[in-house]
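To keep things clear, I will list the structure first and then write my remarks on it.
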Amino acid sequence: MVERRPWLDFFAHAILILGIVIVAFPLYVTFVASTQTAQEVASAPMSLIPGSHFIDNYTRVLFGGTEGAGAAPPVFRMMTVSLIMALAIAIGKIVISMLSAFAVVYFRFPFRMFFFWMIFVTLMLPVEVRIAPTYKVVADLGMLNSYAGLTLPLIASATATFLFRQFFLTVPDELVEAARIDGAGALRFFRDVLLPLSKTSIAALFVIQFIYGWNQYLWPLLVTTQEDMYPVVIGIKRMISGGDSVTEWNLTMATAMLAMLPPALVVILMQKWFVKGLVDTEK
Amino acid sequence: MATLSFRSLTKTYAGDIKVIHGINMEVADGEFIVIVGPSGCGKSTLMRMVAGLESVTGGEILIDDKVVNTLEPGERDIAMVFQNYALYPHMSVFENMAYGLKIRKFSKAEIKTRVDAAAQILELSALLDRRPRQLSGGQRQRVAMGRAIVREPKVFLFDEPLSNLDAKLRVAMRLEIIKLHRRLSTTSLYVTHDQVEAMTLADRMIVMNLGVPEQIGTPMEVFEKPASTFVASFIGSPPMNLATVEVSGDGTMKSLDGISLDIPPTVVPQSVRGRKIIIGMRPEHLVLGGRGVRAEVEMVETLGSEQLVHARYGSTQLVVRCATRQLAESAISTGDTIEIGPDGRHPLHWFEADTGRRVEGT
């Protein structure tokens with residue numbers, strides 16, 4: 001495929017550029033809208049040149065909050081809630097699923113495969129299916145409007161458990177035996193050998209689960225009723241008021257821009273990390 | 001420094017598959033024992049039982065007169081070298097060697113002294129900061145040995161440590177292991193399927209077949225007095241010729257398809273007369289043109305200074321190892337019929353036809 005044909009080059013570039021424009025244009029419009037005043041955004045057609053209210057709009061959403069029908073707390077507060085939620089979900093999922101995969105792969109206990117299949121079967125139940133009973137449990141435990149209520153039900157992860165199990169199965173048995181002969185107990189082996197070897201899997205899973213946690217909408221919508229526990233995704237929705245009241249689109253767009261930042265940052269920063277992990281496979 | 005004993009040791013896997021059928025053996029302090037046998041004979045299982053990686057079904061394993069049956073591998077004071085090295089991929093050479101000591105809570109200084117000393121012996125001093133994947137096969141093997149040495153264990157276990165190396169390196173590492181053993185004289189157990197390794201390394205060897213130790217003895221004992229046809233055909237390359245014959249009362253013999261063998265009755269002991277017996281002759285103890293049997297040459301393999309002549313009489317195959325005949329007029333070629341017989345200087349071996357056990361010539 002190393003053909004050199006000028007028109008083919010041109011064609012390939014054209015398609016790629018078109019793809020980028022399709023993806024990037026809405027983002028650009030969002031950005032432009034977030035730098036204008038509410039009136040400017042509302043006028044048709046909207047100007048596609050960035051306005052002069054960048055700092056103004058962003059400081060207002062970050063620290064001021066909005067009033068009126070679509071009242072939402074300051075974005076800074078919502079971002080903090082989102083960040084704590086996404087981190088707790090990502091880290092919690094990794095910890096829980098690594099430990100359960102470790103148990104399933106390296107220990108012989110009664111009903112081992114039964115438990116594994118139990119975990120596996122839950123893969124088939126999407127959140128939406130079990131959301132009502134889960135809500136009941138969380139409500140009865142008094143965890144509404146708390147970080148525990150936001151994160152705990154989302155932490156159990158069959159997918160991550162399964163991925164770690166598959167990874168652990170590829171670790172040669174001799175390594176386990178060498179560690180046993182060296183005198184390492186189970187947890188010592190986990191900490192000194194398995195954990196360092198799983199670094200790249202952990203990085204990959206962290207990225208996926210962080211974004212999953214950050215983007216949660218349905219579950220926080222159910223368990224949070226107080227404004228100060230709203231994650232930013234719900235905040236955006238709240239700002240878009242229906243009916244007759246005016247939506248301050250410039251502020252909504254600024255919030256959307258801010259909400260996009262952390263997942264993008266995680267992907268960009270961690271990408272380096274797991275690409276490096278993929279290049280020097282240590283196995 | 002320690003002794004090692006097996007007391008009627010057995011191993012049965014789930015489903016009543018018996019893989020070790022009772023081994024009794026005393027290993028003296030500092031002895032180098034090689035367990036040799038074909039794949040599936042239970043040799044690795046035996047070693048893994050000593051290591052504590054496999055449970056013991058029956059009998060006892062004693063290290064220094066202490067039963068270790070139920071001890072964890074880490075508590076047995078043994079060190080093992082694995083076939084695929086089993087180095088921790090994310091640790092440097094130094095950390096790999098130090099790991100066992102670190103867990104046993106040795107001081108930093110002590111660890112450093114020991115690792116440096118071992119690295120010196122194994123010529124790894126320049127490689128201590130490398131990762132295993134940056135090392136060649138031979139270097140990884142040395143690191144694996146270093147990891148065993150630094151622990152100064154009571155018993156070394158080697159599980160086919162050389163079989164992943166190329167032929168040349170294998171010979172070099174074999175010498176290294178011999179030298180290392182001279183230096184440290186730690187009691188060692190070494191598993192291999194390679195009879196050359198077994199012969200060169202062992203103080204004593206255990207020849208295993210189907211979970212039974214066929215013979216336990218020094219390499220020369222095993223070579224000169226094989227206890228069974230299995231041992232006879234397993235040790236020595238090419239293997240010993242085995243031919244079933246009927247011996248009459250006066251010492252003359254006939255092959256099963258009626259070809260008579262012209263071997264002087266004086267070398268046929270009383271104990272084998274008048275019965276069906278397996279006669280064993282080492283390829284290097286046969287001569288071409290000697291008194292014995294007329295056989296047709298089927299193939300000649302020339303190895304340089306030596307040649308292997310494959311011949312057949314009736315349904316019996318014979319291999320003769322002899323010096324290559326340089327002269328054109330005496331060269332042997334396929335299809336020739338030649339007389340093959342024992343050289344008369346080395347004793348013949350006799351084995352019972354039904355059990356394959358050795359019959360002493362009396």
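The values are calculated or read from the model by the stated rules, or taken from the named source; none is laboratory data. No experiment lies behind these values; they were computed from the predicted model shown. So basically every Cβ, Gly included, is an ideal-geometry build from the backbone, and we count neighbours across all protein chains shown.
Quick notes on this one:
- Among the residues of the range B:154-173, the one identified as surrounded by fewer than 21 Cβ atoms within 10 Å (Cβ to Cβ) and in contact with a Ser or Thr (Cβ under 6 Å, 6 or more places away or on another chain) is B:GLU160.
- So B:LEU122, is it of a type in the set (A, V, I, L, M, F, W, C) and either outside the structural domain of B:ALA148 (by TED's automatic domain parsing) or at pLDDT below 90 (or both): yes
- Of all the criteria given as (1) within 14 Å of another protein chain (Cβ to nearest Cβ); (2) touching a residue at least 60 places away in the same chain (Cβ under 8 Å); (3) more than 21 Å from the chain's Cα centre (by Cα), the one not satisfied by A:ILE202 is (3).
- Residue within the range A:168-189 that is away from chain B (no Cβ under 14 Å), out of contact with any Gly (no Cβ under 7 Å at 6 or more places or on another chain) and either surrounded by fewer than 18 Cβ atoms within 10 Å (Cβ to Cβ) or at positive phi (or both) present: yes
- Residue match in the range B:25-48 (condition: touching a Pro at 6+ places or on another chain (Cβ under 6 Å) and modelled with pLDDT of 90 or more): no
- Listed by first and then second residue, the pairs with beta-carbon distance under 9 Å, at least 6 apart or on different chains, first residue in the range B:6-33 and closer than 13 Å to B:MET49 by Cβ and free of Cβ contacts under 8 Å to residues at least 24 places away in the same chain, second among the polar types (S, T, N, Q) and in a loop (DSSP other than H, G, I, E, B), are B:TYR13/B:THR57.
- Among the residues making up the range A:100-159, those that are within 30 Å of A:GLU177 (Cα to Cα), at pLDDT 90 or above and crowded, with 18+ Cβ neighbours inside 10 Å are A:SER100, A:ALA101, A:PHE102, A:VAL104, A:VAL105.
- A residue that is modelled with pLDDT under 85 and either part of a strand (DSSP E or B) or under 19 Å from B:ALA243 (Cα atoms) (or both) occurs somewhere in the range B:353-362.
Results for (1) touching a Gly at 6+ places or on another chain (Cβ under 6 Å); (2) closer than 26 Å to B:GLY249 by Cβ; (3) assigned by TED's automatic domain parsing to the domain that holds B:ASP250; (4) crowded, with 17+ Cβ neighbours inside 10 Å, shown as yes or no for each residue.
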site: B:VAL297; (1), (2), (3), (4): no, no, yes, yes
site: B:GLN307; (1), (2), (3), (4): no, no, yes, yes
site: B:SER333; (1), (2), (3), (4): no, no, yes, no
site: B:PRO342; (1), (2), (3), (4): no, yes, yes, yes
site: B:HIS349; (1), (2), (3), (4): yes, yes, yes, yes
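- Residue, nearest to A:GLY185 (Cα to Cα), within the range B:111-133, restricted to residues that are more than 32 Å from the chain's Cα centre (by Cα) and exposed (fewer than 13 other Cβ atoms within 10 Å of the Cβ): B:ASP129
- Exactly one residue among B:ARG133, B:ARG142 is part of a helix (DSSP H, G or I) and either touching a strand residue (DSSP E or B) at 6+ places or on another chain (Cβ under 6 Å) or within 14 Å of chain A (Cβ to nearest Cβ) (or both), and that residue is B:ARG133.
- Matching strands (runs of 3 or more DSSP E) fully within the range B:160-253 where at least 1 residues are under 20 Å from B:PHE82 (Cβ atoms) and not assigned by TED's automatic domain parsing to the domain that holds B:VAL309: B:187-192, B:204-209
- Evaluating B:ILE263 against the criteria (1) surrounded by fewer than 17 Cβ atoms within 10 Å (Cβ to Cβ); (2) part of a loop (DSSP other than H, G, I, E, B) leaves one unmet condition, (1).
- Selection count where residues are at pLDDT 80 or above and outside any strand (DSSP E or B), scope the range B:313-332: 2
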